[in-house]
Each structure stands twice: as C-alpha cells, then as structure tokens.
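Chemist: My structure is below; once you've seen it, I'll send some questions.
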Amino acid sequence: MSTIRFRAPLLKIGSWILLRLPKSESAKLPSKGMVMVNGNLNNSSFQAPLEPDGKGSHWLKVDESMQKAAKADVGDTVKLEIEPTKQWPEPVVPKDLKEALAAAPQAHKLWMDITPMARWDWIRWIGATKNPETRKRRIDVTFSKFKAGKRRPCCFNRTQCTVPDVSNNGVLLEPKV
C-alpha cells in the first residue's frame with residue numbers, strides 16, 4: 001500500500017489531543033476498523049493505531065511525546081504521512097485484565113497464542129465502557145469465549161470509536177471550541 005499524505009489540525013477533546021483523518025484519506029485505508037500505521041507527523045516518525053471515529057473515518061491520538069517531536073500545539077495544522085502495516089506491536093494490557101489473566105492459566109495460554117491484533121481487539125472491546133462492572137463482565141465473557149475456542153470478540157462493531165474518554169455511543173465527540 002502506498003503512503004497516504006495530508007494535513008490536518010490538532011484538536012483537543014477533553015484532555016486528549018488528536019487529529020481526524022479527512023474522510024477521503026481514511027477511505028484509502030485497508031479497514032474501517034482500527035488500523036496500525038507507521039507514519040511521520042511533521043517529519044517525526046511514529047507507529048500508532050488509527051482508531052475509527054464511528055462516522056466512517058479515523059483519528060490519531062497525538063500523545064505528548066509526538067506533539068513535542070512535531071513541535072505542534074492544539075489548533076496547529078500538521079503534516080501527516082502514514083502507511084498501514086500488518087506488524088502490530090503488543091498492546092498495553094490494562095491492569096484488571098493483566099491480573100485476571102495471571103489468575104487464569106488456561107485463558108493466559110490462549111491469550112499468548114492469539115495474534116497481537118486480536119489482543120488489541122479484546123482490549124478495545126473490554127475497555128469500551130466506563131462502567132467497572134461492565135468491564136469485569138467483559139473480562140469474564142472473554143475467558144468464557146476463550147474456553148469455547150473463540151479467538152476474537154464477537155458481536156463487536158470494529159468501526160466504532162471505543163475510547164470512552166473521547167466518544168459517546170461509539171462516535172468520536174466534537175472538540176469544544
């Protein structure tokens with residue numbers, strides 16, 4: 001796949017800084033769900049997931065180190081070059097899931113057997129709620145699915161935004177001006 005190049009402004013939603021991909025550029029990606037990319041933000045390289053926005057496009061979280069390297073602030077228009085990759089890094093496993101996996105050797109064995117991309121999907125599905133009881137239930141369901149031989153979450157809309165801090169009902173919030 002060829003490199004996708006565009007410019008976009010840095011936005012702030014809550015405490016998060018991010019940028020939205022123009023729909024025309026998002027349409028060039030291999031999936032409407034999460035896509036891992038290698039890229040450059042104002043000529044500073046990174047690897048990160050593009051999260052779907054729930055409206056047919058994607059967005060990129062610009063963390064503090066990316067923002068500093070790009071020498072950009074909220075409201076600035078930045079230059080982005082991205083290229084999708086099939087090489088998914090290991091996701092950061094949330095503490096509650098890590099503890100549950102440590103207490104369930106069979107589930108941990110299957111967790112280690114699935115692909116990094118599948119682990120990202122499970123983490124997205126488990127984390128797509130602010131309710132602690134729902135998270136706990138989703139971890140239990142994950143282990144139940146593992147016992148049944150399932151390697152991916154079912155009934156999970158991969159095209160929705162799954163970050164509760166910046167979304168509502170699977171749709172990326174609008175930045176406050």
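The values are calculated or read from the model by the stated rules, or taken from the named source; none is laboratory data. What you are looking at is a predicted structure, and each value in this text was computed from that prediction instead of being measured. Glycine gets a Cβ as well: all are built from the backbone with ideal geometry, and neighbour counts include every protein chain shown.
Chemist: For segment 35-53, name all the residues that are in a loop (DSSP other than H, G, I, E, B) and within 16 Å of residue 160 (Cβ to Cβ).
Modeler: Let us first name the residues in segment 35-53 that are in a loop (DSSP other than H, G, I, E, B), namely 42-43, 53.
Across segment 35-53, the qualifying residue is only 53.
Chemist: Does at least one position in segment 10-23 carry a residue that is assigned to a loop (DSSP other than H, G, I, E, B), in contact (Cβ under 8 Å) with a residue 40 or more places away in the chain and over 15 Å from residue 77 (Cα atoms)?
Modeler: yes
Chemist: Another question, then. Scanning for something over 21 Å from residue 128 (Cα atoms), among the basic types (Lys, Arg) and exposed (fewer than 13 other Cβ atoms within 10 Å of the Cβ), does segment 26-39 turn up at least one residue? Show your work before the answer.
Modeler: Going residue by residue through segment 26-39, those that are over 21 Å from residue 128 (Cα atoms) are 26-30, 37-39.
Filter once more, so that each one left must be among the basic types (Lys, Arg): 28.
Next, from what is left, pick out any that are exposed (fewer than 13 other Cβ atoms within 10 Å of the Cβ): none.
No, segment 26-39 has no match at all.
Chemist: Quick check on segment 24-34: of everything there that is part of a loop (DSSP other than H, G, I, E, B) and charged (D, E, K, R), which residue is farthest from the chain's Cα centre (by Cα)? Step through it out loud before you land on a result.
Modeler: Step one: list which residues in segment 24-34 are part of a loop (DSSP other than H, G, I, E, B), which gives 27-34.
If we keep only those that are charged (D, E, K, R) as well, we get 28, 32.
On the way: 28: 18, 32: 12 Å.
Checked segment 24-34; the qualifying residue farthest from the chain's Cα centre (by Cα) is 28.
Chemist: Could you grab me the full set of residues in segment 54-76 that are assigned to a loop (DSSP other than H, G, I, E, B), touching a residue at least 40 places away in the same chain (Cβ under 8 Å) and more than 20 Å from residue 88 (Cα to Cα)?
Modeler: 54, 55, 56, 72, 73, 74, 75, 76
Chemist: Related question: Could you check, for segment 123-133, whether at least one of its residues is surrounded by fewer than 15 Cβ atoms within 10 Å (Cβ to Cβ), among the basic types (Lys, Arg) and either at pLDDT 95 or above or in a loop (DSSP other than H, G, I, E, B) (or both)? Don't jump to the end; show me each part of the working.
Modeler: Narrowing segment 123-133 to residues surrounded by fewer than 15 Cβ atoms within 10 Å (Cβ to Cβ): 129-133.
When the remaining residues are screened for being among the basic types (Lys, Arg), the result is 130.
Filter once more, keeping what is either at pLDDT 95 or above or in a loop (DSSP other than H, G, I, E, B) (or both): 130.
Scanning segment 123-133 turns up at least one residue that is surrounded by fewer than 15 Cβ atoms within 10 Å (Cβ to Cβ), among the basic types (Lys, Arg) and either at pLDDT 95 or above or in a loop (DSSP other than H, G, I, E, B) (or both).
Chemist: Quick check on segment 84-101. Is at least one of its residues part of a strand (DSSP E or B) and either in contact with a strand residue (DSSP E or B) (Cβ under 9 Å, 6 or more places away or on another chain) or crowded, with 17+ Cβ neighbours inside 10 Å (or both)?
Modeler: Step one: of segment 84-101, the residues part of a strand (DSSP E or B) are 84.
Applying the additional criterion that residues be either in contact with a strand residue (DSSP E or B) (Cβ under 9 Å, 6 or more places away or on another chain) or crowded, with 17+ Cβ neighbours inside 10 Å (or both) yields 84.
Within segment 84-101, one or more residues are part of a strand (DSSP E or B) and either in contact with a strand residue (DSSP E or B) (Cβ under 9 Å, 6 or more places away or on another chain) or crowded, with 17+ Cβ neighbours inside 10 Å (or both).
Chemist: Let me ask something else. Could you please let me know if residue 75 is over 17 Å from residue 151 (Cβ atoms) and either surrounded by fewer than 12 Cβ atoms within 10 Å (Cβ to Cβ) or hydrophobic (A, V, I, L, M, F, W, C) (or both)?
Modeler: Working: over 17 Å from residue 151 (Cβ atoms): yes; either surrounded by fewer than 12 Cβ atoms within 10 Å (Cβ to Cβ) or hydrophobic (A, V, I, L, M, F, W, C) (or both): yes.
So residue 75 fits the description; yes.
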